[in-house]
Structure formats: structure tokens, C-alpha cells
């Protein structure tokens, strides 16, 4: 039988291996400081973006040494630009080289393990495999839940929210109404985390404010508080500099809720624009996110990843966020340290 998960992980890991080799070539070039042109800086950013996209699949395939796998992103994040690498101390460069080689070996071993697994699956009855996998997965989810902080969190949140949340299942009260009340948004987010872990992984956010976002204090660049703007979504979607894909723009126009904010850095530079779109269902947001990845993976479109970043994951669920700035470093800082997108 063929397991699509194994096939996807194997394909992604093979592609990641190629990108990881290219990253090392650019890293060596940066350290030496040889012919560091703007075109090479842009190509380096594209490679870093591709590695970040493929990293989740690599981590999902790992059964051991997750700390080494996670080091891939740490290396990518520390290599901000080629010029930055040229200014890196010899001790730090040596540390990066060691971690790169450890990750390279782990990636090769992971590919080998996935190839072995694919060969084993070729001789297994599909029905038996799926039944065994489903049983093991269900047991693992049960064990993970009762040994995690989610269970403790749920027990605490239930005391506070039972009067309104409990009756959700009786059809008397919609608990999503809590997300619309500013004073109850924090406990609502805790409840939503538990609910997704135990009942519906794609339970949508009722509005943009209910989702919230990471703390700005974790950014490398210091920003002022976000400023909400009154511009309509059409202003953003019709600007091909900020939204270069007309097909994606058409998809985003159907989103029922839109919010536009700007983040100004403390020192000079242009602001980061935050364009947030909320759909009613997670599948719609995922469709928009997939379209962005398809568009920017097309030949000649990789350049758009430099100044534009799309954010969508299991947490944002039915919400997709686009970050834009003339300063690529600022976009990457917000994407990684606020929205936790690697």
C-alpha cells in the first residue's frame, strides 16, 4: 500500500536536503564575504523561506533527536543576511557549522528511515494498516491529553466557564459569544485550546479580536503599539505590489471580516503592515494559504516572499494574516517572533 503521509514527508525531506545544501553554500559565501550582491541576498532569503516551509514536515517525520531537528530553524534565524554572516565571530561560525552537519546527518537518516518505511508498507494490506494506525493514534491522543497541561487547564477553565460554555452542547448558548466580550477573551482562548484538543481541531474563531496574537516584546526589532487603520480590504487587494496574485485577491475578497494594522519600528524604517482576514471555516483560510504558497513557488515569483509573508496554522485556523513591509528583516521578525511561524 501507499501511505500519502509517508510519501509527502519523504518528498519534503528530500527537497529540504537540497535546500539545506544550498543554504550551506550561501553560508560559506557569506562568512568569506565574497561578492555579496543584492541578487544573492535575495536568493538567500528565498532559500531560507523554503527551508522554513519544509521544516514542519521534517519535524513530523522525526521520532528522535527533535532538538537537532529544531536547530535547523535556529541556524536559519541566526543567519539574518549574508552580510550579517560576514560579521559573525569565528566561534559562532564554528558552532553553526557543527549544528549544520548534525542536522544534515539527521536529515539523511530520516530520509533513509522513510524509504525503509515505504518499502515495508508496499507489502502490507491497506485495511489492516489503517485499522492499526487508527487504534494507535487514538490511544496516543488519549494519553497525550491526560498527561498534558490541557487537561489541567480544562479542569480550571470549566469551573469559570461552565455556566455559559456547558450549555453550548444543549443548544441554549453559543460559547463563541464569549470571544466577542473583551473581558472574557483570555479565558475564551484557554477554552478554545482545550476544545480543539478534545472535540474539534478546526473550531473557528468567531472574530479577529478573539484570536489575539503573540507579544511584541519578543521581537528583535522594537516596535510601537499597533495602530488600527480604516482602509478597506480592496485597497490592499487591488495593490499588486502588496498582493501580487489576482486569483488569491479574489479569494480574500470573500472573507467576511478584515482588519488592517501597522507596526512602526522605534527607529526609522517603514512600518510593517498587518492585513488580517477571517473566514467562517478553516478550510477557506487554508485554501487561501495554499494558493499563496502555490503562487510564490512558481518560477519568477519567489521574490515576493522577501517583503510579504503569509501566516496561517492550526492556531489561527480560519484566519489568515499577511505581513508586508519594504524592510524584509522586519517582516521576518514579526512572522517568527510574534506569530511563531518558522
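The values are calculated or read from the model by the stated rules, or taken from the named source; none is laboratory data. Computed from a predicted model, the values in this text were never measured in an experiment. Positions of Cβ are generated from backbone atoms using ideal geometry, with glycine treated the same way; all protein chains shown enter the neighbour counts.
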Answer yes or no: is there a residue in the stretch 50-57 that is surrounded by fewer than 18 Cβ atoms within 10 Å (Cβ to Cβ), touching a helix residue (DSSP H, G or I) at 6+ places or on another chain (Cβ under 9 Å) and within 18 Å of residue 12 (Cα to Cα). yes
Looking at the stretch 208-228, which of the residues that are over 17 Å from the mean Cα position of the chain (by Cα) and in a loop (DSSP other than H, G, I, E, B) is surrounded by the most Cβ atoms within 10 Å (Cβ to Cβ)? 221
In the stretch 229-252, the residues that are farther than 18 Å from residue 294 by Cβ and not in a loop (DSSP other than H, G, I, E, B): 229, 233, 234, 235, 236
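Rundown of residues vs (1) within 21 Å of residue 92 (Cβ to Cβ); (2) assigned to a helix (DSSP H, G or I); (3) within 17 Å of the chain's Cα centre (by Cα), yes/no style:
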| position | (1), (2), (3) |
| --- | --- |
| 28 | yes, yes, no |
| 42 | no, yes, no |
| 45 | yes, yes, yes |
| 48 | yes, yes, yes |
| 51 | yes, yes, yes |
| 55 | no, yes, yes |
| 60 | no, yes, yes |
| 63 | no, no, no |
| 76 | yes, yes, yes |
Those residues that are modelled with pLDDT under 95, in contact with a strand residue (DSSP E or B) (Cβ under 7 Å, 6 or more places away or on another chain) and in a helix (DSSP H, G or I), I need them from the stretch 292-331; list them, please. 330, 331
Taking the options 185, 189, name whichever one is outside the structural domain of residue 284 (by TED's automatic domain parsing), part of a helix (DSSP H, G or I), modelled with pLDDT of 80 or more and in contact with a helix residue (DSSP H, G or I) (Cβ under 9 Å, 6 or more places away or on another chain). 189
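Conditions tested, residue by residue: (1) surrounded by fewer than 16 Cβ atoms within 10 Å (Cβ to Cβ); (2) under 25 Å from residue 43 (Cβ atoms); (3) in contact with a helix residue (DSSP H, G or I) (Cβ under 7 Å, 6 or more places away or on another chain).
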| site | (1), (2), (3) |
| --- | --- |
| 66 | yes, no, yes |
| 71 | no, yes, yes |
| 80 | no, yes, yes |
| 92 | yes, yes, no |
| 119 | yes, no, no |
